[in-house]
Amino acid sequence: MSVWGKIDYFTNRGCCFVDIQIDRRGMNPIKDLKLIFDYYRIIKEFNPDIVLTYTSKPSIYGGFICGVLKVPYIVNNAGLMETTGFLEKLLYLMYKIGFSKASCIMCQNSVEEEVLNKILKGKVYTRLIPGSGVNLNEFAYQNYPANDSKIVFNFVARIVNIKGINEYIECAKKVHKEYPETMFAIYGNYDDECYIPLINIGVNEGYLEYFGELLDIRPAICRAHALIHPSYYEGMTNVVLEHSSSGRPCIGSDIPGVADAIDDGVTGYVFECKNVDSLVTKVKQFLHLNYEEKRMMGRNARTKMEKEFDRSMVTNIYLDEVNRILYKSKGKTS
């Protein structure tokens with residue numbers, strides 16, 4: 001499904017869509033200046049009561065413009081990138097510029113909250129949320145696949161280095177060679193086209209399946225026996241939450257936003273980030289479970305989602321903050 005299909009989903013429900021260009025990963029100053037101007041133009045035109053930002057660039061640049069125009073805004077940065085040296089100092093400076101006047105910062109994991117509080121010296125109000133949460137009804141529990149003769153693993157993410165696609169492909173190649181009854185599926189668009197020939201090789205050799213991006217991932221979850229999520233950084237990954245809610249064990253990297261959603265050995269497994277051997281070990285550990293143990297691991301994952309990651313928790317926190325900001329705003333003008 002194209003990006004326009006996703007946009008239609010929201011416009012059909014009454015949302016207004018404004019198309020602007022954003023280079024999510026690039027650092028071109030000319031493009032970024034244009035993006036800042038676009039945010040200024042849009043916020044000036046619509047004069048919103050509150051702005052909700054999401055992910056780094058919209059939060060930093062959009063937050064800066066909201067501060068200039070004195071428009072209340074709530075930040076959801078959705079995870080901190082790992083950087084060092086000059087880039088780390090530059091990124092932290094940008095966080096200060098973009099977040100310092102926020103009415104609230106929603107932090108998707110405790111590590112993110114701790115780092116942002118340190119950068120902003122505790123001067124901005126923060127709230128810890130379980131990522132975006134998961135809609136427990138939309139991602140209802142699905143019976144575990146009855147056919148256990150061929151174990152299917154899912155990878156659901158943009159196809160780019162930081163999502164751990166290299167580790168996934170290498171793991172698939174090694175595991176399938178030893179366990180030919182396995183299959184490793186990939187769902188997602190190519191953010192980096194250099195992976196096209198690499199994935200094509202895996203498909204031709206029979207250890208990978210590529211399906212592109214799906215607007216509705218539920219049929220793919222239903223078909224799978226487990227998810228592998230080898231990402232390098234996340235806020236709180238929706239992919240793990242959705243698979244877990246559907247009753248599928250998850251094997252994820254030991255980073256905040258992934259490991260937080262997995263109870264190692266109970267709802268899935270956690271492996272060392274960027275370490276293929278560690279990932280392969282955990283995948284083999286999962287394969288050695290009998291059918292009932294795999295099924296119960298999925299059941300445990302569903303229970304964890306019900307207790308800790310119900311999306312209504314996130315919605316209620318946002319509504320609390322929106323009402324607080326609106327009440328404060330009315331008090332100033334009355």
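The values are calculated or read from the model by the stated rules, or taken from the named source; none is laboratory data. Small disclaimer: the values here were computed from a predicted structure and weren't measured. All Cβ positions, even for glycine, are placed from backbone atoms using ideal geometry, and neighbour counts span all protein chains on display. To get the accessible areas, we keep the full protein, side chains included, count just its heavy atoms, and leave off ligands, DNA and RNA. Shrake-Rupley method; radii C 1.70, N 1.55, O 1.52, S 1.80 Å.
Springs join every pair of Cα atoms under 10 Å in this Gaussian network model of the chain, and among R158, R248, R41 the largest mean-square fluctuation is at R41. By definition, a body whose alpha carbon gyration tensor gives a ≥ b ≥ c is oblate when a/c is 1.5 or more and a/b is not larger than b/c, and region 18-105 fits this oblate description.
Could you calculate the contour length gain from D192 to R299, that is, 0.36 nm times the residue separation minus the distance between their Cα atoms, to one decimal place in nm? Write down the numbers at each step before the final one.
Values: separation 107, 0.36 × 107 = 38.52 nm, distance 3.53 nm.
This chain segment gains 35.0 nm when fully extended.
Taking a straight Cα-Cα cut-off under 26 Å and skipping sequence neighbours fewer than 8 places away in the same chain, the lysines within cross-link reach of K328 are K44, K70, K96, K101, K121, K123. Here is how the number arises for the chain: DSSP H runs of 4 or more residues each give -39500 (n - 2.57), the sum is divided by the residue count, and the result at 222 nm is -15000 deg cm²/dmol. One decimal place: the segment K44-M81 gains 10.3 nm when fully extended, by the rule 0.36 nm per residue minus the C-alpha distance.
Structure note, pairs K173/K274; K150/K173; K150/K307: Cα-Cα distances above 23 angstrom occur for K150/K307.
Rolling a 1.4 Å probe across the protein heavy atoms gives the chain an accessible surface of 51 Å² per residue. Label sites at I20 and Y179, each approximated as a point 7 angstrom past Cα along Cα to Cβ, lie 4.7 nm apart.
If you look at the Cα atoms of region 127-184, you get an Rg and a Dmax of 15.7, 46 Å.
Would you mind calculating the gained length between D277 and M313 on full extension (0.36 nm times residue separation, minus the Cα-Cα distance), in nm to one decimal?
Numbers: separation 36, 0.36 × 36 = 12.96 nm, distance 3.69 nm.
Contour length minus the Cα-Cα distance gives 9.3 nm.
The H on the amide N of E209, modeled in the peptide plane, is under 5 Å from the matching H of F184, A185, I186, each at least 5 residues off or on a different chain. The label point for N204 and the one for I97, both projected 7 Å from the Cα toward the Cβ, are 4.7 nm apart.
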